[in-house]
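One structure below.
The values are calculated or read from the model by the stated rules, or taken from the named source; none is laboratory data. The model shown is predicted, which means the values in this text are computed figures rather than measured ones. Positions of Cβ are generated from backbone atoms using ideal geometry, with glycine treated the same way; all protein chains shown enter the neighbour counts. Accessible surface areas use protein heavy atoms only, side chains included; no ligands, DNA or RNA. Shrake-Rupley method; radii C 1.70, N 1.55, O 1.52, S 1.80 Å.
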Amino acid sequence: MNKRLLVTPARCIGCRTCEIACAFSHPVGGGPGPTRIRAFPVRPPESGVPVVCLQCDAAACVKVCPTEALRRDDRTGAILVAEERCILCRACVWACPWGNVGYDEGRGFIHKCDLCSGDPQCARYCPSRALETFE
């Protein structure tokens, strides 16, 4: 059951609820973690463009990882980061052509969309349905 996010930028109202839902779905140290999605505002002011990991079939981030810390989850189809294998070389961050793999400098870990274990909270809370899930 591979899940994907369908992004429809024309529906985005730029509210950034997706970012908040993501951050609170990935807590770090008792507070919200770094968001794995960005809603970039565009003109007119009530619109935006959500940008999130595409879970690429031939993912560059997976190909460059020297420790195989990035692997596709068979159940959800998301590419996950195995923190115990990650050496923080950041090759995946630089390899992603879309800029959808991040490094949290303060806390020292790689982060990317994990599709919230099959229930993406960004899509769940998107008020305009700019983000939807499909299989």
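Scanning the stretch 72-91 for residues that are in a loop (DSSP other than H, G, I, E, B), under 17 Å from Cys53 (Cβ atoms) and hydrophobic (A, V, I, L, M, F, W, C) yields Ala78, Ala82, Cys86.
Look at Ile79 and say whether it is open to solvent by 60 Å² or more (accessible area, probe 1.4 Å) and of a type outside the set (Gly, Ala, Ser). Spelling it out, it is not the case that Ile79 is open to solvent by 60 Å² or more (accessible area, probe 1.4 Å) and of a type outside the set (Gly, Ala, Ser). Would you check which residues across the stretch 1-47 are in contact with a Ser or Thr (Cβ under 8 Å, 6 or more places away or on another chain) and basic (Lys, Arg) and list them? Across the stretch 1-47, the qualifying residues are Lys3, Arg4, Arg11. Tell me whether the stretch 2-21 contains one or more residues that are assigned to a loop (DSSP other than H, G, I, E, B), touching a strand residue (DSSP E or B) at 6+ places or on another chain (Cβ under 9 Å), in contact (Cβ under 8 Å) with a residue 40 or more places away in the chain and of a type in the set (Val, Ile, Thr). Looking through the stretch 2-21, at least one residue is assigned to a loop (DSSP other than H, G, I, E, B), touching a strand residue (DSSP E or B) at 6+ places or on another chain (Cβ under 9 Å), in contact (Cβ under 8 Å) with a residue 40 or more places away in the chain and of a type in the set (Val, Ile, Thr). Looking only at residues in the stretch 1-26 that are more than 16 Å from Arg129 (Cβ to Cβ) and open to solvent by 90 Å² or more (accessible area, probe 1.4 Å), the one that is farthest from the chain's Cα centre (by Cα) is Met1. Residue pairs whose Cβ atoms lie under 6 Å apart, sitting 6 or more positions apart in sequence or on different chains, and linking a residue in the stretch 107-130 that is closer than 14 Å to Glu83 by Cα and free of Cβ contacts under 8 Å to residues at least 12 places away in the same chain to a partner that is of a type outside the set (D, E, K, R) and buried (at least 16 other Cβ atoms within 10 Å of the Cβ), do not occur here. Out of all the residues in the stretch 78-93, is one or more touching a residue at least 60 places away in the same chain (Cβ under 8 Å) and farther than 21 Å from Thr17 by Cα? Yes, because at least one residue in the stretch 78-93 is touching a residue at least 60 places away in the same chain (Cβ under 8 Å) and farther than 21 Å from Thr17 by Cα.
Assessment of the stretch 107-126 against the conditions (modelled with pLDDT of 95 or more and over 22 Å from Val28 (Cα atoms)) yields at least one matching residue.
The set of residues in the stretch 27-60 that are out of contact with any Lys or Arg (no Cβ under 7 Å at 6 or more places or on another chain), open to solvent by less than 50 Å² (accessible area, probe 1.4 Å) and assigned to a loop (DSSP other than H, G, I, E, B) comprises Gly33, Pro34, Thr35, Cys56, Ala59. Apart from one condition, Arg71 fits all of (1) closer than 23 Å to Glu19 by Cβ; (2) touching a strand residue (DSSP E or B) at 6+ places or on another chain (Cβ under 8 Å); (3) open to solvent by 40 Å² or more (accessible area, probe 1.4 Å); the exception is (1).
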